[in-house]
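*Asks:* Please find one structure pasted underneath; my questions will follow.
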Amino acid sequence: MGVEFEPVIGLEIHVELKTKTKIFCGCPMEFGGEPNSHVCPFCLGLPGALPVLNKQAVEYAVRAGLALNCEIVPYSRFDRKSYFYPDLPSAYQISQFYFYICKGGHLEIEVNGEKKKIRLNRIHLEEDAGKLLHSGSSITTSQYSLADYNRGGSGLIEIVTEPDLRSAEEARIFLEQLRAVIEYTGVSDVKMEEGSLRCDANISLRPAGSSQFGTKTEIKNVNSFKSLERALEYEIERQREILEDGGVIIQETRGWDEGKGITTSMRTKEEANDYRYFPDPDLPPIVLEPEWIEEIRATLPELPNAKKERLVKELGLSTYDAGIITGSRALAEFFDETVALFNEPKTVANWLMVEFLSLLNANNMEIQESKITPQQLSSLLKSQKEGKISGKIAKTVFAEMFATGKDPEEIIKEKGLVQISDEKALASIVEKVISANPKSVEDYQGGKKNALGFLVGQVMKETKGQANPGLVNKLLREKLD
């Protein structure tokens, strides 16, 4: 029987900070724009241009560190990480290697019903590099590449985990949970599609039960949660096959090819001494006062795990529903505001998870882009509860609200959708349906109770879905029994 191998995974997550300007200069932090339109002499690495640290970037790093249970280090400083690449015009990146701003920390995740604490090694501040636009599909197949330095000098935090993850699924769940925490703190918009949340994964295999680490590879170019899981699954199988055949894993950096579903070798892995780190002579150390750290701590919002626990314990939601609702700060806030106006948490959660998220996904929209407000949703749910409209009509009205932003009362009135709850008016329609469907009446009276559903459906058809279903059931039973 062959050796059973265990994956050992650690992640390096780059989070672009949502400051107005870059970390060491006054250029705007804006996604997009004409190439090289958000640059200055410092961004371009021109001689004599000096960095000035953005205080808000430091505050955001502390804020993220507190949310992730880190120790905030009172004294930290910047180092120069030297390497030559066209996206880095100064030939060094300003980062923190020896003395970083946040130490340790952890994040609790839940995998298959079991909770697990994933440790962090550190969080450090650094500047982003520029971006290369290749003429071909990748750097290796291109005749030339163009450099856009708009992103260069943007403020980042890099969050480095300990190698505590043991499967591709755990890594995906961790990144999803981390994204939610960072979004709640407000330090980044964490949009993976715009590159404001990027992830590299370090993966090695070792014999199950061993405490020794195997030779790791680093996977680059992972730009979605699903890509991270797929890339790690592929790399685990690739390494397993090599080891089972008696081969040796090479320490290297590999790129993830989303189209082909494979990792490919990019370069042999560098060590820290290859970068010739040394203290940046143009930037003074960062010295943090304990009072300032506590001021930042006091402004932290309720974070996803705490909010999830509250929704389960205090509002009676299932763990699954609470997990979906708290997965996004915008959705959680929409939920809280709606429940404050219509105090039926389970009903609100169902509408948000099914109707609302379906429409958002179908239209490729963020919650913030939706025209529907918590006030409008609560009004709709009140109308349904009071019997003014049926559940089916409520869904029709909701779709119209989503498309137009109109209030539910206005749509109900405009389209004449008020539910018919007049017993006399419905009684005559029930009589008509009974007369028109003698076979179903006979089936029902012969013991086939599902025939009642058909008759209810016929009444609803006659009233264009506006009949009160409960009242229709009652009237039919009275007539047929």
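*Asks:* Which of (1) in a loop (DSSP other than H, G, I, E, B); (2) of a type outside the set (D, E, K, R); (3) under 30 Å from residue 304 (Cβ atoms); (4) out of contact with any strand residue (DSSP E or B) (no Cβ under 8 Å at 6 or more places or on another chain) is the odd one out, the single condition residue 56 does not satisfy?
*Replies:* (1) is the only condition that residue 56 fails.
*Asks:* Any idea how many residues of segment 193-230 are out of contact with any Ser or Thr (no Cβ under 7 Å at 6 or more places or on another chain), of a type in the set (Lys, Arg) and within 20 Å of residue 126 (Cα to Cα)?
*Replies:* Within segment 193-230, residues that are out of contact with any Ser or Thr (no Cβ under 7 Å at 6 or more places or on another chain), of a type in the set (Lys, Arg) and within 20 Å of residue 126 (Cα to Cα) number 1.
*Asks:* Here is a follow-up. Can you list residue pairs whose Cβ atoms sit under 6 Å apart, with the first residue in segment 188-209 being assigned by TED's automatic domain parsing to the domain that holds residue 178 and farther than 15 Å from residue 174 by Cα and the second being of a type in the set (Phe, Trp, Tyr) and assigned to a strand (DSSP E or B)? Count only pairs 6 or more apart in sequence or on different chains.
*Replies:* Listed pairs, sorted by first residue: 205/5.
*Asks:* Separate question: Determine whether segment 273-287 contains at least one residue that is under 29 Å from residue 108 (Cβ atoms), at pLDDT 95 or above and not hydroxyl-bearing (Ser, Thr, Tyr).
*Replies:* Taking every residue of segment 273-287 in turn, at least one turns out to be under 29 Å from residue 108 (Cβ atoms), at pLDDT 95 or above and not hydroxyl-bearing (Ser, Thr, Tyr).
*Asks:* Restricting the first residue to segment 105-122 and requiring it to be in a loop (DSSP other than H, G, I, E, B), which pairs with a second residue that is acidic (Asp, Glu) meet a Cβ separation below 9 Å and a spacing of at least six or different chains?
*Replies:* Listed pairs, sorted by first residue: 105/71; 112/169.
*Asks:* Further, regarding this structure: In this structure, does residue 250 turn out to be surrounded by 13 or more Cβ atoms within 10 Å (Cβ to Cβ), on the phi < 0 side of the Ramachandran plot, assigned by TED's automatic domain parsing to the domain that holds residue 165 and at pLDDT 90 or above?
*Replies:* When the stated conditions are applied, residue 250 does not pass them.
*Asks:* Sticking with this one: Quick check on segment 1-27: of everything there that is modelled with pLDDT under 95 and among the aliphatic types (A, V, I, L, M), which residue is farthest from residue 151 (Cα to Cα)?
*Replies:* Looking at the filtered set, the residue picked out is 1.
*Asks:* While we're looking at this one, here's another question. Answer with yes or no whether residue 36 is at positive phi and under 30 Å from the mean Cα position of the chain (by Cα).
*Replies:* On the way: at positive phi: yes; under 30 Å from the mean Cα position of the chain (by Cα): yes.
Criteria met by residue 36.
*Asks:* Next up: Applying the selection to segment 118-138, what residues are closer than 25 Å to residue 91 by Cα and of a type in the set (A, V, I, L, M, F, W, C)?
*Replies:* 123, 125, 129, 132, 133
*Asks:* Tell me, please, whether a residue that is at pLDDT 95 or above, within 20 Å of residue 189 (Cα to Cα) and of a type in the set (Val, Ile, Thr) can be found in segment 61-80.
*Replies:* Looking through segment 61-80, at least one residue is at pLDDT 95 or above, within 20 Å of residue 189 (Cα to Cα) and of a type in the set (Val, Ile, Thr).
*Asks:* Quick test for you: out of 193, 158, 170, 183, pick the one residue that is modelled with pLDDT under 95 and within 22 Å of the chain's Cα centre (by Cα).
*Replies:* After ruling out the rest, the residue left standing is 193.
*Asks:* Please verify whether segment 257-280 includes one or more residues that are farther than 25 Å from residue 223 by Cβ and either under 24 Å from the mean Cα position of the chain (by Cα) or surrounded by 15 or more Cβ atoms within 10 Å (Cβ to Cβ) (or both).
*Replies:* Going residue by residue through segment 257-280, those that are farther than 25 Å from residue 223 by Cβ are 271-274, 276-280.
Subset that is either under 24 Å from the mean Cα position of the chain (by Cα) or surrounded by 15 or more Cβ atoms within 10 Å (Cβ to Cβ) (or both): 277, 280.
Taking every residue of segment 257-280 in turn, at least one turns out to be farther than 25 Å from residue 223 by Cβ and either under 24 Å from the mean Cα position of the chain (by Cα) or surrounded by 15 or more Cβ atoms within 10 Å (Cβ to Cβ) (or both).
*Asks:* Which condition number in (1) over 29 Å from the mean Cα position of the chain (by Cα); (2) modelled with pLDDT of 95 or more; (3) surrounded by 12 or more Cβ atoms within 10 Å (Cβ to Cβ) is the one that residue 291 fails?
*Replies:* All conditions are met except number (3).
*Asks:* Give me the pairs: first residue in segment 432-457 and within 23 Å of residue 392 (Cα to Cα) and assigned by TED's automatic domain parsing to the domain that holds residue 469, second residue surrounded by fewer than 19 Cβ atoms within 10 Å (Cβ to Cβ) and of a type in the set (Asp, Glu), beta-carbon distance under 6 Å, and six or more apart or on different chains, which are they?
*Replies:* These pairs meet every condition: 451/443.
*Asks:* Here is a list of conditions, (1) surrounded by 12 or more Cβ atoms within 10 Å (Cβ to Cβ); (2) within 29 Å of residue 479 (Cβ to Cβ); (3) at pLDDT below 90, and residue 415 meets all of them except one; can you say which number that is?
*Replies:* Going through the list (1) surrounded by 12 or more Cβ atoms within 10 Å (Cβ to Cβ); (2) within 29 Å of residue 479 (Cβ to Cβ); (3) at pLDDT below 90, residue 415 breaks only (2).
*Asks:* Out of all the residues in segment 340-362, is one or more among the hydroxyl-bearing types (Ser, Thr, Tyr), surrounded by 13 or more Cβ atoms within 10 Å (Cβ to Cβ) and assigned by TED's automatic domain parsing to the domain that holds residue 317? Steps first, please.
*Replies:* From segment 340-362, those among the hydroxyl-bearing types (Ser, Thr, Tyr) are 347, 358; that's our starting set.
Right, trim to surrounded by 13 or more Cβ atoms within 10 Å (Cβ to Cβ) and you get 347.
If we keep only those that are assigned by TED's automatic domain parsing to the domain that holds residue 317 too, we end up with 347.
Checking segment 340-362: at least one residue is among the hydroxyl-bearing types (Ser, Thr, Tyr), surrounded by 13 or more Cβ atoms within 10 Å (Cβ to Cβ) and assigned by TED's automatic domain parsing to the domain that holds residue 317.
*Asks:* Continuing with this model, one more query. Using the structure shown, decide if residue 267 is more than 30 Å from residue 50 (Cβ to Cβ), part of a strand (DSSP E or B), assigned by TED's automatic domain parsing to the domain that holds residue 138 and free of Cβ contacts under 8 Å to residues at least 24 places away in the same chain.
*Replies:* For residue 267, the condition - more than 30 Å from residue 50 (Cβ to Cβ), part of a strand (DSSP E or B), assigned by TED's automatic domain parsing to the domain that holds residue 138 and free of Cβ contacts under 8 Å to residues at least 24 places away in the same chain - is met.
*Asks:* Kindly indicate whether residue 226 is among the basic types (Lys, Arg), surrounded by fewer than 19 Cβ atoms within 10 Å (Cβ to Cβ), within 30 Å of the chain's Cα centre (by Cα) and assigned to a helix (DSSP H, G or I).
*Replies:* Here the answer is yes, as residue 226 does meet what is asked.
*Asks:* Just the residues that are surrounded by 15 or more Cβ atoms within 10 Å (Cβ to Cβ) and basic (Lys, Arg), please, taken from segment 88-126.
*Replies:* 103, 116, 122 - these are the residues of segment 88-126 that are surrounded by 15 or more Cβ atoms within 10 Å (Cβ to Cβ) and basic (Lys, Arg).
*Asks:* Considering only residues that are touching a Gly at 6+ places or on another chain (Cβ under 8 Å) and outside any loop (DSSP other than H, G, I, E, B), look in segment 6-53 and name the one that is farthest from residue 245 (Cα to Cα).
*Replies:* Only one residue tops the list, namely 16.
*Asks:* Restricting attention to segment 64-76, does a residue exist that is in contact with a Phe, Trp or Tyr (Cβ under 6 Å, 6 or more places away or on another chain), surrounded by 20 or more Cβ atoms within 10 Å (Cβ to Cβ), part of a strand (DSSP E or B) and of a type outside the set (Phe, Trp, Tyr)?
*Replies:* Yes: segment 64-76 contains one or more residues that are in contact with a Phe, Trp or Tyr (Cβ under 6 Å, 6 or more places away or on another chain), surrounded by 20 or more Cβ atoms within 10 Å (Cβ to Cβ), part of a strand (DSSP E or B) and of a type outside the set (Phe, Trp, Tyr).
The values are calculated or read from the model by the stated rules, or taken from the named source; none is laboratory data. Not measured: the values here are computed from a predicted model. Note that we place each Cβ from the backbone using ideal geometry, even for glycine, and neighbour counts take in every protein chain shown.
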